[in-house]
Structures are given as C-alpha cells and as structure tokens.
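Please treat every number below as a calculation from the coordinates, not as lab data. All values derive from a computational prediction rather than experimental measurement. Here Cβ is always computed from backbone atoms with ideal geometry, including for glycine, and neighbour counts include all displayed protein chains.
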Amino acid sequence: MNKHDALSIVETHLTKPRFEHTVRVAETAVRLAQIYNVSSEKAELASIFHDYCKYRSLDEMKRIIQTTYLPKDLLLYHHELWHGPVASIMIEQEYGIKDDAIQSAVYCHTTGRANMSDLELIIFVADYIEPGRSFPGLDEVRDMATQDLVKAAWMVSRNTINYLTEKKNRIYPDTFHAYNDLTRLLNGGNKFE
Ligand SMILES: [Fe+2]
Ligand SMILES: [Fe+2]
C-alpha cells in the first residue's frame with residue numbers, strides 16, 4: 001500500500017489533531033529509519049497505522065481482544081493500551097496488511113516489550129518525540145534518538161514508567177519488560193540473546 005492510500009484510510013478514522021500527529025510520527029520515523037538502516041517504507045506504513053484504532057469503541061476493542069489471539073490480560077489494564085494490539089490485527093483484517101514487522105511495531109508502540117526490533121524501537125521512539133509534543137525532558141530524548149536508538153528507547157520507557165508511577169497508575173508488564181531488556185542492552189548485552 002502506498003503512502004497516499006494509507007493516509008487517506010487513517011484520516012477517516014482519526015480526529016484532525018490525531019491525524020496531524022500521525023503525519024509527524026511518520027516523518028520522524030522515516031528520518032530515524034534512514035539513520036538506522038531500516039526500511040523507510042515499513043517505518044512509514046507502521047507509523048501511519050500506529051493509531052489507526054485509537055477511536056474504536058471500547059466494546060469493539062474488547063470483543064477483538066476476547067475473540068483473537070491477543071493476550072487477555074490487556075483487559076485488566078487501561079484501555080489506552082488496547083489500540084496498538086487491536087490495530088495490529090485490524091490492519092490485516094481490513095486492509096490485508098500482513099507483515100509481521102509492521103504489525104508488531106504497531107502492536108507494541110504504546111507499551112514496548114522485550115527484544116524489540118529496530119523498526120519497533122523506531123515507532124516507539126518516533127511516537128514519543130514527534131515535533132508536536134512538548135514536555136520536560138523531551139529534548140534529551142530527541143537528541144539521543146539520532147545518536148543511539150536503544151538509549152533513546154530506554155529513556156522513553158524510563159520516562160513512561162516514572163510518569164505512570166507518579167500518577168499512581170498500574171503498569172502493563174510489557175512496559176517493564178521493555179525497560180529491563182533495554183537496560184540490559186545498555187549495559188553491554190547482545191540483542192536477542
Ligand atoms: Fe497510540
Ligand atoms: Fe501515537
């Protein structure tokens with residue numbers, strides 16, 4: 001699917017600000033893909049669809065989680081986490097996007113997980129640093145994103161965990177798994193060991 005078709009599809013499912021966020025995530029992800037030698041086409045498509053299901057009804061997302069292979073424990077955590085895993089399935093069902101690399105990057109863009117691929121790391125980081133966002137500590141992550149993708153992703157997962165604990169929110173296990181695995185990599189561990 002080309003960029004134009006993908007954008008026209010998601011535009012009808014998103015609010016204007018969310019669509020503009022999506023365009024900025026795609027631009028950011030393509031830039032990172034070029035730096036880290038990852039397929040720009042996959043980075044572009046994954047980022048265009050990453051928030052595709054953001055505005056599906058809770059009932060529909062719940063039904064998809066209950067009736068597919070998605071982990072049921074998602075239902076025990078905040079519904080804000082559901083749209084990534086749900087979109088990874090819906091882009092295949094509704095548009096035939098059957099590509100493990102793209103689908104898994106869409107899947108884990110909110111929580112991260114252990115053993116993330118470079119494409120997954122790029123979408124995870126691009127969603128966080130896109131130029132429309134602004135909050136304390138973000139510039140540090142933006143600078144790191146062009147130098148060390150793993151370190152930037154580590155900062156994203158650390159900041160996310162800090163933010164969630166400060167708000168006294170529960171944290172989905174994959175978010176901890178991402179943090180632990182990225183910490184291991186930063187301390188000299190090998191990928192996929
Ligand atoms: Fe999202
Ligand atoms: Fe997003």
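Show that you can apply the helix-only estimate: for the chain, add -39,500 (n - 2.57) for every DSSP H stretch of four or more residues, divide by all residues, and state [θ] at 222 nm to the nearest 500. Taken over the chain, the calculation gives -19500 deg cm²/dmol. Is region 94-193 best put as rounded, prolate or oblate by its Cα gyration tensor, with a ≥ b ≥ c the root eigenvalues, rounded for a/c under 1.5, and otherwise prolate when a/b is larger than b/c, oblate when not? Since a/c stays below 1.5, the shape of region 94-193 is classed as rounded.
Across the chain, C-alpha contacts under 8 Å between residues 6 or more apart give a mean separation that, scaled by the residue count, equals a relative contact order of 20 percent.
With charges set only on the Cβ (+1 for Lys and Arg, -1 for Asp and Glu), what does the dipole of region 3-186 come to about its Cα centre, in debye to the nearest 20? Don't skip to the end; give the middle numbers.
Values: 21 positive and 26 negative charges, 106 e Å.
The dipole magnitude comes to about 520 debye.
Multiplying the residue separation of residue 23 and residue 148 by 0.36 nm and subtracting their alpha-carbon distance yields 42.7 nm. Put simply, the amide H of residue 114, placed in the peptide plane, has neighbours under 5 Å in 178, leaving out anything fewer than 5 places away on its chain. Bridging of residue 191 to aspartates and glutamates at a Cα separation below 13 Å is possible for 118, 181, once same-chain residues fewer than 8 apart are set aside.
For region 115-121, putting each phi into the Karplus relation 6.51 cos²θ - 1.76 cosθ + 1.60 with θ = phi - 60° gives couplings of 6, 6, 6, 4, 4, 4, 4 Hz, in residue order, rounded to whole numbers and with x for Gly and Pro. Restricting attention to region 3-186, the count of lysine pairs at 8 or more positions apart or across chains with alpha carbons under 16 Å apart stands at 5.
Roughly how many whole Å is it from the C-alpha centroid of region 1-34 to that of region 81-125? One Cα centre to the other: 14 Å. For the chain, what class follows from the C-alpha gyration tensor (a ≥ b ≥ c being the square roots of its eigenvalues): rounded when a/c is under 1.5, otherwise prolate if a/b is larger than b/c, else oblate? Because its axes are fairly even, with a/c under 1.5, the chain counts as rounded. Given +1 at the Cβ of Lys and Arg, -1 at the Cβ of Asp and Glu and no other charges, the dipole of region 1-112 around its Cα centre is 180 debye to the nearest 20.
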